[in-house]
Amino acid sequence: MTTETAYRADGTGHADGAGTWAVLLPAERYEAERLVHHDTLELTGLPDVGQPSAGDRVAVLADEPPRLVALGRVTAPALAHREDPDDPQSPVEPGALVVAYTRRAFDEPVPADRLTLDGPVTALDPAAFRALADRLGPPPARRTWLVSLDLPIEAGTPAEAVRLFWSYVQELGPRELPAFVSPSGDELAMQAFVLGAEANQDPEEDD
């Protein structure tokens with residue numbers, strides 16, 4: 001199977017027969033999706049009308065300026081339901097729209113300023129969806145990376161040091177702790193990343 005064939009067969013290319021939509025991520029949700037890997041995107045609080053159906057293709061966008069950051073397929077539509085199914089007067093609870101990612105482009109988003117969005121969820125013409133998705137091109141080749149996180153920790157025992165390590169990781173997370181990444185076999189190419197972006201850790205270079 002060629003790269004182009006694989007690219008189209010995984011739901012990110014020219015398969016027809018399903019609805020096509022744009023989903024706009026709030027700024028804080030975009031940051032969360034960019035920092036930590038997730039297999040699915042779950043959104044709540046969406047309008048009750050004009051919802052995608054299971055199997056529909058979705059372009060996930062970040063705003064200001066609009067840019068394509070991911071593609072996916074709907075696995076669970078956002079169906080509203082009553083808090084108490086046996087009580088017709090009970091409040092209506094919004095459902096969660098669940099999208100399984102088929103392609104991510106959080107590191108190199110594609111401009112989407114030509115799209116006109118009506119809100120957090122907008123139906124797209126299939127041709128417009130294909131044109132936007134095709135701008136991503138085939139996914140990059142996967143390779144092995146070495147990722148490390150080094151923290152100097154004062155403790156009485158190795159076990160205590162490990163416990164403190166995980167406490168710091170959970171407390172500070174990717175927003176404050178630098179992670180070091182290099183291609184496997186090329187440790188001299190190591191780079192530091194904070195907030196999902198390359199960050200200089202050499203104070204002498206800042207002077």
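Just a few scattered comments:
- Amide H contacts under 5 Å for Leu124, placed H, 5+ residues apart: Thr20, Trp21, Ala22
- Sequence-distant residues sharing a close amide H with Ala70 (under 5 Å, placed H): Val60, Ala105
- 3J(HN,Hα) from dihedral phi, the stretch 145-162, Karplus parametrisation 6.51/-1.76/1.60, rounded to Hz, x for glycine, proline: 10, 9, 10, 9, 9, 10, 10, x, 10, 8, 7, x, 9, x, 4, 5, 4, 5
- Ordering of 50-63, 113-126 by packing [mean C-beta count within 10 Å, highest first]: 50-63, 113-126
Here, each number is a calculation from the coordinates, and none is a lab measurement. What you are looking at is a predicted structure, and each value in this text was computed from that prediction instead of being measured. Quick reminder, even Gly has a Cβ in these numbers, built from the backbone with ideal geometry, and neighbours come from all protein chains shown.
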